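So the structure is just underneath, and the comments pick up after that.
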Amino acid sequence: MIKEISPSLSLKGTLTLPPDKSISQRAAIFSLLHEGVSEVGNYSSAQDPQSTLSCIQQLGAEVKKEGEKLIIKGTGRKGLKSPDKDLDCGNSGTAMRLLSGVVAGSGLSAKLVGDPSLSARDMTRIIKPLEQMGAHILARNSGYAPLFINRNEPLKPLKFELPIPSAQLKSCVLLAGLFGEEVTQVIEVLPSRDHTERLLNLDQKLVQDRKIISASWADEIPNQSYTIPGDFSAAAFWLVAGAIQQNAELLIENVGLNPTRNALLEILGEMGADITIENERMEGAEPAGDIVVKSSALKAIEIDPKIIPNCIDELPILSVAMLFAEGTSVISGAEELRHKETDRIMAISNMLKAVEANFEEQEDGLIIHGDPDFSFKSATFESFHDHRIAMAAAVLSLKGTGISKIQDAECAAVSYPTFWDDLKKVIK
Ligand code: S3P
């Protein structure tokens, strides 16, 4: 599907976001592991969380919908069943990596598969620690899905220092660790999103600036009865759209505000964005609130590489903000972006080239020479079937003077099924 976007002179309105993708997927997997019933409110209908939901059903969870809630009857760790069919993780790295931890830890046999994008993503990062814990994993070309996982020896505990700040890798090892008699520890040097620790209430200690998270059979898996807040990574598109657009005022309701996820708020604040947070509250273990963004005069920023894991999914849309900020902005230490749904550094470069922006691509980031008066007529953007690239290009398109096109725009549904309708709603 090709989406045509006309320039916008004003953005106004109130937005309700899709439920958080990372929390939805964890709610499903942790509900499976809880022995009993969880009532999950506001579960995401986006493609990634729906892939996870069908996988947990194949592993034995019973799922039914009651009004706005999903009622999930978990099997507990003892009652899981080996799936009859492949576990299809679709486009979702989170599903494949977290479920691999569950399968390897539990000793089930399963084959995990994904779409072409997921099958091209490196799985050696999870294969290595899971093999150290005793799992047998057969992967295509030793590191790519499909993954065949089983284990016939007792689970070995692991003390694992994360070689990359990845919440998916952290969660994979902790989930496997939950099946061990002895304690598995994950040591985190740079904080990545902490939904797993929060929602499972795992033991965490800070030792010399490093976080040590522990998991074992002795941990009780709490039920997952809470309402999932809106996805901060979806809010990011509106935060930037509102800031760079003239005559803009957007109210974004019920946004997840987990501090390990929302570095973009701090970054845009430093760039001079007019953003206010209202109604801060807790939704279960996760903070949430409403955000108002208005047209802003942005200035350039150099991002501290240490906070890259806390804004990793927001870097495509942040690059768009940087293009309209006065001065030279720098993203560095973001090599991990090359290993997402597509090589996102390449995809951002491609988007910026399409509008003849002044920028340089680096191995681990981008240098963007911004200008508040930057203008372009129209462009055709490749999404590379990556939801976040398609949505970032749509926000950029609003600033053209003619009609721009986004290719394969349907991929937005991976995390944000109503994005194109919401965009129509706020363009005035
Ligand atoms: C996610 C973690 C991040 C993020 C992804 C979702 C998660 O990946 O990019 O969209 O739900 O744990 P990494 O932790 O691998 O960087």
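Throughout, read-outs are computed from the coordinates displayed, never taken from laboratory work. Remember, predicted model here, so these are calculated numbers, not experimental data. Here the Cβ positions follow ideal geometry from the backbone for every residue, glycine too, while neighbour counts run over all protein chains shown.
Stretching Glu35 away from Ile2 to a fully extended chain increases their span by 7.4 nm, per 0.36 nm per residue minus the current alpha-carbon distance. Taking Cβ atoms as reference points and 14 Å as the exclusive limit, the residues near Leu108 contribute a net charge of +4, counting Lys and Arg as +1 and Asp and Glu as -1. Using the Cβ-Cβ distance between Ile403 and Glu361 with R0 set to 35 Å, the FRET efficiency from 1/(1 + (r/R0)^6) comes to roughly 0.80. Modelled spin-label separation between Lys299 and Gln132, with each label point placed 7 Å from Cα along the Cα-to-Cβ direction: 4.5 nm. Specify the residue with the greatest mean-square fluctuation among Thr184, Thr14, Thr196, computed from a Gaussian network of the chain linking alpha-carbon atoms under 10 Å apart. Highest fluctuation of the listed residues: Thr14. On the beta carbon distance between Asp84 and Glu266, with R0 = 56 Å, the FRET formula returns roughly 0.75.
What does the C-alpha gyration tensor say about the overall shape of the stretch 21-217? Classify as rounded when a/c is under 1.5, otherwise prolate if a/b is larger than b/c, or oblate. Rounded shape, in that the Cα axes give a/c under 1.5. Put the Cα centre of the stretch 35-103 next to the Cα centre of the stretch 367-387 and the gap is 37 Å. Shown for Lys353, Lys3, Lys64, Lys299: other C-beta atoms within 10 Å of each C-beta, ranked fewest to most, produce the order Lys64, Lys353, Lys299, Lys3. Looking only at the chain, where both bridge partners belong to it, what percent of the DSSP beta bridges are antiparallel (to the nearest 5)? The answer is about 75 percent antiparallel. Loop-located GluC sites (Glu not before Pro) in the stretch 350-428 (DSSP state not H, G, I, E or B) with no more than 13 neighbouring Cβ atoms inside 10 Å: Glu356, Glu363. With a cut-off of 19 Å on the backbone N, the residues of the stretch 196-239 near the modelled label site 7 Å out from Lys156 along Cα-Cβ are 215-217. Computed extension length for Arg140-Met346: 71.7 nm, one decimal, from 0.36 nm per residue of separation with the Cα-Cα distance subtracted. Residues His195, His385, His136, ranked from the fewest to the most other C-beta atoms within 10 Å, line up as His136, His385, His195. FRET efficiency for the pair Lys69 and Asp421, taken as 1/(1 + (r/R0)^6) with r the Cβ-Cβ distance and R0 = 30 Å, rounds to 0.80.
Each listed q (0.07, 0.10, 0.11, 0.13 Å⁻¹) maps to a log10 I(q)/I(0) for the chain, found by the Debye formula over equal Cα scatterers with no solvent: -0.32, -0.66, -0.80, -1.11. Overall form of the stretch 374-428: oblate. Here a/c, set by the Cα gyration tensor axes a ≥ b ≥ c, is 1.5 or more, and a/b is not larger than b/c. State whether the stretch 32-145 is rounded, prolate or oblate according to the following rule on the C-alpha gyration tensor (a ≥ b ≥ c being the square roots of its eigenvalues): a/c under 1.5 gives rounded; otherwise a/b larger than b/c gives prolate, and the remaining case gives oblate. Since a/c reaches 1.5 but b/c is at least a/b, the shape of the stretch 32-145 is classed as oblate.
Reducing the stretch 238-262 and the stretch 276-326 to their Cα centroids gives an inter-centroid distance of 7 Å.
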